[in-house]
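Let me begin by presenting the structure, written as structure tokens, before commenting on it.
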Ligand SMILES: NC(=O)c1ccc[n+]([C@@H]2O[C@H](COP(=O)([O-])OP(=O)(O)OC[C@H]3O[C@@H](n4cnc5c(N)ncnc54)[C@H](OP(=O)(O)O)[C@@H]3O)[C@@H](O)[C@H]2O)c1
């Protein structure tokens, strides 16, 4: 049997902002550009929340592709304050020579599996792991970063097969989850968020042609995402929203 890792050493208090009266625990998953900026922004906006910021390089680590890590998280949350906010920022677009496909002949099994493992299976398995800890009857938010390119209705350019399809799959999985939680966890709001093109390692190889006013710093993206998320309520659970709060077609 695996040892469970106590949650307390990873928690540190955070200070001011909207959501000022929220107390309990916030979980940010992913320690990349937007994940780190979100952790910083929460520190400035949610004085009552303790922050648990996990990723593959944290201690304890959380790799969304590792079931043992997800089981450990579930166990740790049993001893933690109620989970009021979860934001998943883990995502994969390229690594190790794999990445966005410009044409069908570039599509391969490894790229498809990697994209789906992180971008689609990751968020729904994270939701399963944290479900029992959410809210304890109080309002809670579960958000995950998607991408506009995951919209089928908005796809006019083609290409990027695996990433597009995996984000579309995430959208379907979390929209379905929102419908279930309306019945079983009626205080939890599920939201899919597109951060806008943001200057991070993920976008870096592809952001050359983006005009500076359309390329957000991670800090700006984080505050915009929190502005949108903090206005969401259970009535709108399951929405797919852009950084400015506008709905994105499925
Ligand atoms: N940047 C943009 O322009 C943009 C646009 C639309 C959507 N998004 C979405 O926004 C999210 C955040 O991206 P970002 O721009 O902040 O990119 P980033 O800096 O590359 O961060 C992505 C993070 O995901 C983590 N990750 C990858 N696989 C993981 C796994 N199996 N388990 C746990 N963590 C894992 C990475 O961890 P390691 O640090 O361990 O590698 C990395 O820290 C992603 O979902 C992305 O698809 C970004």
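All of the numbers you see were taken from the coordinates with simple rules; none came from a lab. Note that this is a predicted model, so its numbers are computed, not measured. FYI the Cβ positions are ideal-geometry reconstructions off the backbone, even for glycines, and counts take in every protein chain you see.
Structural remarks
- Using a cutoff of 8 angstrom between alpha carbon atoms and counting only pairs six or more residues apart, the relative contact order for the chain works out to 19 percent.
- The chain - mean residue ellipticity at 222 nm from DSSP helices (-39,500 (n - 2.57) per run, n ≥ 4, rounded to 500): -10000 deg cm²/dmol
- Alpha-carbon centroids, region 193-214 and region 93-154: separation in whole Å: 18 Å
- Between residue 74 and residue 157, the FRET efficiency from the beta-carbon distance, with R0 = 45 Å, is close to 0.70.
- Rounded to the nearest 10 degrees, the inclination of helix 218-229 to the longest alpha-carbon principal axis of the chain is 70 degrees.
- Degrees separating the helix 161-184 axis from the principal Cα axis of the chain, which is the longest one: 30 degrees
- Cβ-Cβ FRET estimate between residue 117 and residue 58, R0 fixed at 22 Å, reported to 0.05: 0.70
- Contour excess over end-to-end distance, with Cα ends at residue 66 and residue 179 and 0.36 nm allotted per residue: 38.1 nm
- Net lengthening on full extension, residue 105/residue 204 (0.36 nm per residue, minus Cα-Cα): 33.2 nm
- Share antiparallel - DSSP beta bridges, the chain, percent rounded to 5: 15 percent
- Nearest 10 degrees, 0 to 90: helix 33-45 Cα axis against the chain principal axis: 30 degrees
- Most tightly packed first, judged by the mean number of other beta-carbon atoms within 10 Å of their residues, the peptides 195-203, 101-109, 142-150, 219-227 read 142-150, 219-227, 195-203, 101-109.
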